[in-house]
1. Nearest 10 degrees is fine. How inclined is helix 16-26 to the longest principal axis of the chain, computing both from alpha carbons?
2. I'd like to know which of Cys3, Gly40, His25 lies farthest towards the positive end of the charge dipole of the chain, counting +1 on Cβ of Lys and Arg and -1 on Cβ of Asp and Glu.
3. When every alpha-carbon pair in the chain is counted, what percent end up more than 16 Å apart?
Amino acid sequence: MRCGGRRRVLAYVKGAPGVRAILEHLGLPTACARLAPARGPPQAAWC
């Protein structure tokens with residue numbers, strides 16, 4: 001939904017402790033996502 005209003009910065013959080021505290025307060029995950037293992041290049045099935 002678009003309100004058409006102007007955007008403004010309410011806060012700028014600099015540093016991991018502040019970000020972690022905000023995420024914990026909101027009940028959001030604070031751990032990093034796990035990386036999937038790297039895949040090899042696609043095989044040329046059309047050759």
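1. Around 80 degrees separate the two axes.
2. In the chain, that residue is Cys3.
3. I get 69 percent for the Cα pairs in the chain exceeding 16 Å.
Coordinate-derived values only; no laboratory data. As the structure is a prediction and not an experimental result, all values here were calculated from the model. Note that we place each Cβ from the backbone using ideal geometry, even for glycine, and neighbour counts take in every protein chain shown.
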